[in-house]
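J.: After the structure tokens below, expect a handful of questions from me.
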């Protein structure tokens, strides 16, 4: 009896189990994917009620629609058999395949909800039970009547008699097969007048890759019923579009110029900057008469428009005097940051004694824009007198310089003269908080110039560089043996000053160190500023006492003021702008006065000379120029060997004299006069100290080398003019300090005593941690012409299916794939089992940098289950971080996906890399709060074989080459990646223990094996065809040359609008093969 009851229960349940009522879907999610197959550009979810109310309804709920089942016919002739099975007559296995009297919504209309499809894109229809099928754009958007539109049916008015399956009637979920993919064909090809979507209809409508065959006994039978998926839950548009977003920029007031990553975008507010790749960008705006606000970091998200608004603060009144274009239409460059206007100091770099005449000639040309690679002629007021002047100084004044991201904005300018190119002897730069040059003064010391008073300047910068040339100054001294002696002090710089709220009275200081001659009633100060017509607003103070100046030249781009220094004026000169004045850049200050004859001539025998006056000459000078060393931080000037010693101030003597008088004052006695001691310093020279200046028995020669070579050598704080490797003459007695300096490296010193040799290793200067923005804003070693890089993939085990952006690129690692367009790529690796399923699979979002091969690793034997965790922490809010050492850069707080174990985050703050391991408890709670306390840091020393590999730390492109020392790297996990041209890159997740970090340095060393590669050159007629290789976009368009491709035969696709051309190219080691395609 018990078994009978059980059987009855089972029999009662059978009808319910046969019809999966719960399988019907009532809503569909529509997703637009980017070309990487990962990034979602847009998505929406709608249910059948919304569809019926807001979109066209297809089908009337009365007309029955049919598909066609397999035609089971065999024939000995394969071609005949194939034709019979397609059944063009559409008269076999049709009436029994009724889909119902359906109503529904077109797939095309659903796709349009998220941006629609474009030609050459596919749509993937996904069922809740795992079924999926792909279809071409033409079948969704350009269908013919014979197959009709593709719809998602959500209503069935009636089932046809004798139908092949029960579907249910009414709306879903009562319509139990819904939502179902159905074609609403017309009756044009059916002999019975049925609305039948026949097999041959699909044969004619679709490309062969989209045909569907029912498999039985090893035979394939065409059918359209297999295309009709039930329980549809998602529609995926697999687009070819890049993961792009946009920034909507507004400002108050409107009309501000927008700069993106330091480059003028060409837009003015309000505006929408679209077609921006996913990533972090720096953004600011500028408008005449307003202060330029601080740059903002904006994260561009795919398919999103990010709003950014700026409220501009009024600036000191800036008219056309502040540097305008030739038409006077406004400033050539945006106003600097407010902090720049606070004022600074001009540095005294030269003291000269000349017999002859001086003249100062301001430039006459209108300010202009100089671009990278260009050259321009600059004309100065007046003609140079004499063919062989004893002194020549050319000063070139630049306003703001800029260049594309990753390109150095500092000017690289030379003079072009008969003797060749002349590099600047000194460069003075005023930088903003963004470290960009807002004002630059270049100082040249040519041996001769064109007699007509013109010079040619040439930029050696990248083509994207540009700067406003605000003007120039030519200082000339001609020898006149019959004239007296004049001493000249020259202070140089590039100091922006301007009145602004909260700054008080910004001022520029120049301090001229004496002792000066007793008779100095004719001492004169000449001040050069830009722009020309703003200098009339300057006020001058000598030792705090207001002193009037005379504007000698102000009609041109450079203003020259002349100030008579009072007889007791002391040694300090200050000048600043008053409230409401324009922004002014102080460039050069020249102090000149008579120097008594060394043989004791009386004042009466000294001519009343010594002034430097603009465009006029006065008797003066004598011997070759004598230079004093610049202040710390400036580039030392030079002078010929054998120059006399220079008298300078005696601070120790002054202090002792003051202390002596203080003691007398305590005793009630009158003070005594102070007498300065004679203190001299040796002249600065770029040449080796002549051995004959030191007695042979009191000197010795040492050999100095450095790694790398080319470091400048100083002996006891005095430049020698030598560069390593070199031999240096050193006094025998006492200790001596050898200092080596090389641009881009930390200075190195060593104290020596006695004979010997010196070999020093120079460590690169570690720049502040800069987040690479996209295109990565970060330091870039590339020339700027390449738009591609590559990926090197390693898996464990090696046997694994590897995909990039959904394209299978291999089934075994290691695998190098290059070229790939710069930007995000979805890289996955999986261990296949039967039925195309994966026993283990892992996916990584990898960023490809231009001209770099990025390494990626998968451990498929220990793959962790992916999960999402929100990274937070109040003290770290807004701080940039990466996950597991891979780009992209995130910002706290943000939800991230973790697919590795252990996982870690690295935060970039205060020029340091702080690593924190995410514990399992945080993975369980889905939240990780970063501790406020920072971990200990140390130096990370990185070496490679060969040297010169580019270094990435935790996904950040550092801009450094191995060997290098990266300071401020914390304990914990970090990812070190190295890449070099034609070398297999390496990546390693390292762990620095606290005990190792406390030792001060953690060393790592890697070997980068060579790989064979070649190049291809591609041209097309017409040009502009997009280039894909191995089915993956390269980011390049024709004409182009692509380097670093692994050897082999590769399929190349050139796409121009809707036209495609395929060709097989052969890449040979070290060779470039050229290919050309003509588009009809």
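The values are calculated or read from the model by the stated rules, or taken from the named source; none is laboratory data. Since this is a predicted model, take the numbers as computed values, not measurements. All Cβ positions, glycine included, derive from the backbone under ideal geometry; neighbour counts span all protein chains shown.
J.: Does residue 85 satisfy being in a helix (DSSP H, G or I), over 16 Å from residue 162 (Cβ atoms) and in contact with a helix residue (DSSP H, G or I) (Cβ under 8 Å, 6 or more places away or on another chain)?
T.: Yes; evaluated as a whole, the condition is true for this residue.
J.: If you don't mind, there's one more thing I want to ask. So, in region 918-938, how many residues would count as being under 15 Å from residue 969 (Cβ atoms) and either outside any strand (DSSP E or B) or modelled with pLDDT of 90 or more (or both)? Let's see the steps before the verdict.
T.: Of the residues in region 918-938, the ones under 15 Å from residue 969 (Cβ atoms) are 934-938.
Restricting the remaining residues to those that are either outside any strand (DSSP E or B) or modelled with pLDDT of 90 or more (or both) gives 934-936.
Number of matching residues: 3.
J.: Out of 965, 953, report the one residue that is at negative phi and modelled with pLDDT of 90 or more.
T.: Working: 965 fails: modelled with pLDDT of 90 or more.
It is 953.
Residue-by-condition table, conditions (1) loosely packed, with under 15 Cβ neighbours inside 10 Å; (2) in a loop (DSSP other than H, G, I, E, B):
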site: 185; (1), (2): no, yes
site: 191; (1), (2): yes, yes
site: 201; (1), (2): no, no
site: 204; (1), (2): yes, no
site: 209; (1), (2): yes, no
site: 215; (1), (2): yes, no
site: 229; (1), (2): no, yes
site: 234; (1), (2): no, no
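J.: Just to verify a result, which residue in region 758-768, among those that are modelled with pLDDT under 75 and surrounded by 11 or more Cβ atoms within 10 Å (Cβ to Cβ), is farthest from residue 965 (Cα to Cα)?
T.: Applying the filter and picking the extreme gives 760.
J.: Among the residues of region 902-911, is any under 20 Å from the mean Cα position of the chain (by Cα), outside any strand (DSSP E or B) and in the same structural domain as residue 843 (by TED's automatic domain parsing)?
T.: Taking every residue of region 902-911 in turn, at least one turns out to be under 20 Å from the mean Cα position of the chain (by Cα), outside any strand (DSSP E or B) and in the same structural domain as residue 843 (by TED's automatic domain parsing).
J.: Then there is this: Return a yes/no flag: does region 983-1004 have any residue that is touching a strand residue (DSSP E or B) at 6+ places or on another chain (Cβ under 7 Å), farther than 25 Å from residue 945 by Cβ, touching a residue at least 12 places away in the same chain (Cβ under 8 Å) and crowded, with 16+ Cβ neighbours inside 10 Å.
T.: Yes, region 983-1004 contains a residue that is touching a strand residue (DSSP E or B) at 6+ places or on another chain (Cβ under 7 Å), farther than 25 Å from residue 945 by Cβ, touching a residue at least 12 places away in the same chain (Cβ under 8 Å) and crowded, with 16+ Cβ neighbours inside 10 Å.
Rundown of residues vs (1) free of Cβ contacts under 8 Å to residues at least 12 places away in the same chain; (2) within 21 Å of residue 466 (Cα to Cα); (3) under 14 Å from the mean Cα position of the chain (by Cα); (4) part of a loop (DSSP other than H, G, I, E, B), yes/no style:
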site: 255; (1), (2), (3), (4): no, no, no, yes
site: 259; (1), (2), (3), (4): no, yes, yes, no
site: 265; (1), (2), (3), (4): yes, yes, no, no
site: 274; (1), (2), (3), (4): no, no, no, no
site: 280; (1), (2), (3), (4): no, no, yes, no
site: 283; (1), (2), (3), (4): no, yes, yes, no
site: 288; (1), (2), (3), (4): no, yes, no, yes
site: 297; (1), (2), (3), (4): no, no, yes, no
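J.: Something else: Show the residue pairs meeting these rules: Cβ distance below 6 Å; 6+ apart or different chains; first residue within region 130-148 and without any contact (Cβ under 8 Å) to a residue 24 or more places away in the chain; second residue assigned to a loop (DSSP other than H, G, I, E, B).
T.: Short answer, once both residue conditions are applied: 137/117; 137/119; 137/121.
J.: What residue, of 130, 116, 104, is over 40 Å from the mean Cα position of the chain (by Cα) and either part of a helix (DSSP H, G or I) or farther than 18 Å from residue 226 by Cα (or both)?
T.: Of the residues listed, the single one that is over 40 Å from the mean Cα position of the chain (by Cα) and either part of a helix (DSSP H, G or I) or farther than 18 Å from residue 226 by Cα (or both) is 104.
J.: Moving on. Only residues that are surrounded by 17 or more Cβ atoms within 10 Å (Cβ to Cβ) and in a helix (DSSP H, G or I): list them for region 88-101, please.
T.: Those that are surrounded by 17 or more Cβ atoms within 10 Å (Cβ to Cβ) and in a helix (DSSP H, G or I): 95, 97.
J.: Hey, does region 971-979 have a residue that's farther than 30 Å from residue 933 by Cβ, modelled with pLDDT of 90 or more and touching a strand residue (DSSP E or B) at 6+ places or on another chain (Cβ under 6 Å)?
T.: yes
J.: Suppose the filter is crowded, with 21+ Cβ neighbours inside 10 Å and modelled with pLDDT under 95; does residue 146 pass it?
T.: Against the criterion (crowded, with 21+ Cβ neighbours inside 10 Å and modelled with pLDDT under 95), residue 146 qualifies.
J.: Scan 57, 21 and give me the residue that is at pLDDT 95 or above and either within 59 Å of the chain's Cα centre (by Cα) or under 28 Å from residue 238 (Cα atoms) (or both).
T.: Within the list 57, 21, the selection yields 57.
J.: Does residue 850 fit the bill of being in a loop (DSSP other than H, G, I, E, B) and in contact (Cβ under 8 Å) with a residue 40 or more places away in the chain?
T.: Yes.
J.: Suppose we filter region 534-590 for residues that are at pLDDT below 65, part of a loop (DSSP other than H, G, I, E, B) and in contact with a helix residue (DSSP H, G or I) (Cβ under 9 Å, 6 or more places away or on another chain); how many remain?
T.: The qualifying residues number 3.
J.: Something else: At pLDDT 90 or above and within 30 Å of residue 195 (Cα to Cα): does that describe residue 234?
T.: For residue 234, the condition - at pLDDT 90 or above and within 30 Å of residue 195 (Cα to Cα) - is met.
J.: For region 878-897, which residues satisfy the criterion of being over 18 Å from the mean Cα position of the chain (by Cα) and buried (at least 22 other Cβ atoms within 10 Å of the Cβ)?
T.: 883, 885, listed by residue number.
J.: Here is a list: 840, 828, 875, 868. Which entry is out of contact with any strand residue (DSSP E or B) (no Cβ under 9 Å at 6 or more places or on another chain) and either in a strand (DSSP E or B) or touching a residue at least 24 places away in the same chain (Cβ under 8 Å) (or both)?
T.: Answer to the selection: 875.
J.: Any idea which residue in region 792-813 is modelled with the lowest pLDDT, counting only those that are in a loop (DSSP other than H, G, I, E, B) and surrounded by fewer than 20 Cβ atoms within 10 Å (Cβ to Cβ)?
T.: Ranking the qualifying residues of region 792-813, first place goes to 806.
J.: Go through (1) assigned to a strand (DSSP E or B); (2) over 17 Å from residue 1030 (Cβ atoms) for residue 861 and report which single condition fails.
T.: Just one mismatch for residue 861, condition (1).
J.: Give region 941-973 a look and list any residue that's more than 24 Å from the chain's Cα centre (by Cα) and assigned to a strand (DSSP E or B), or say none.
T.: 941, 943, 944, 945, 970, 972, 973, listed by residue number.
J.: Another one. Need the failing condition index for residue 386 against (1) modelled with pLDDT under 85; (2) more than 29 Å from residue 592 (Cα to Cα); (3) touching a strand residue (DSSP E or B) at 6+ places or on another chain (Cβ under 8 Å), just the number.
T.: Status for residue 386: all satisfied but (2).
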